[in-house]
Amino acid sequence: MLSYSSYVLTAVGALIVTCHALSKFPEISGLPDIPGKDVLKGLPRVPGLPGSLDTEYHNHLVNLEHRLFQLEAALALNGRIREVGEKVFATNGKKADFASALRSCEEAGGTLATPMNEEENKAIMDIVKQYKQYAYLGIKECETSGQFTYITGMPLSYTKWHQYEPNGKGKEKCVEMYKDGSWNDKKCNLYRLTICEF
């Protein structure tokens, strides 16, 4: 059985193929035989291309979209994902050190969960509370001791430090989230819950 991220990547791939095909063959008209479903209305048809191919292709996309919706709903019900705006936060339920957790997220097509606002922080906290395990965030200490940035190198635009944190003074270069949603600087070699964002 494919993982959630595999389904997402498959869906994205299908959309990319669609966009590429439409840019290469702008003459494909869509679904002329289905009222209200003509996604490419007004474009001339390719001579010799049967409308049934358009219908079949559209049906595959609709089925894929429906399947993705079902998978998202099942994962949300299972507590493995939280959606906030355009982001999806997901966990595999496994613990890992910072580098391994980051690598797992990147291999799945995402990155470590990185809260940019209170709503995103709460979504990550909900997963941390459910699994009763602290989680690493996509935040690290930069060259200047005591200053933290997103793993992309961008300065933090939102913080939720626990009282008197960060206090590692250059010895704790990673950031973990407590069960109350507050942050603590911590060493990067400990095992914490892996939570990714997509």
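The number of residues in the range 140-153 being within 21 Å of residue 194 (Cβ to Cβ) and open to solvent by 50 Å² or more (accessible area, probe 1.4 Å) comes to 3. Cβ-Cβ distances below 8 Å connect the following pairs, each with a first residue in the range 59-70 that is farther than 15 Å from residue 88 by Cβ, a second residue that is at pLDDT below 75, and a separation of six or more residues or different chains: 60/14; 61/14; 61/18; 64/10; 64/11; 64/14; 65/11; 67/7.
Residues in the range 153-162 that are without any contact (Cβ under 8 Å) to a residue 12 or more places away in the chain and either in a loop (DSSP other than H, G, I, E, B) or among the hydrophobic types (A, V, I, L, M, F, W, C) (or both): 153, 154. Among the residues in the range 156-171, are any within 24 Å of residue 81 (Cα to Cα) and out of contact with any strand residue (DSSP E or B) (no Cβ under 9 Å at 6 or more places or on another chain)? Looking through the range 156-171, at least one residue is within 24 Å of residue 81 (Cα to Cα) and out of contact with any strand residue (DSSP E or B) (no Cβ under 9 Å at 6 or more places or on another chain).
Checking each residue in the range 174-194 for being crowded, with 16+ Cβ neighbours inside 10 Å and not hydroxyl-bearing (Ser, Thr, Tyr) picks out 174, 175, 176, 177, 181, 183, 184, 185, 186, 188, 192, 193. Residues considered: 137, 156, 102. Of these, the only one that is at pLDDT 95 or above, of a type in the set (A, V, I, L, M), more than 19 Å from the chain's Cα centre (by Cα) and open to solvent by less than 60 Å² (accessible area, probe 1.4 Å) is 156. The number of residues in the range 105-121 being among the acidic types (Asp, Glu) and open to solvent by less than 20 Å² (accessible area, probe 1.4 Å) comes to 1. Taken over the range 159-173, the criterion of being in contact with a helix residue (DSSP H, G or I) (Cβ under 8 Å, 6 or more places away or on another chain) and either open to solvent by 70 Å² or more (accessible area, probe 1.4 Å) or modelled with pLDDT under 95 (or both) is satisfied by no residue. You will find that of 120, 107, the residue that is of a type in the set (Asp, Glu) and within 20 Å of residue 182 (Cβ to Cβ) is 120 and no other.
The values are calculated or read from the model by the stated rules, or taken from the named source; none is laboratory data. This structure is a prediction, so every number in the text was calculated from the model and none was measured. Because the Cβ atoms are built from the backbone with ideal geometry, glycine has one as well, and the counts that use them run over all protein chains shown. Accessible surface is based on the protein model in full, side chains and every heavy atom, while ligands, DNA and RNA are left aside. Shrake-Rupley method; radii C 1.70, N 1.55, O 1.52, S 1.80 Å.
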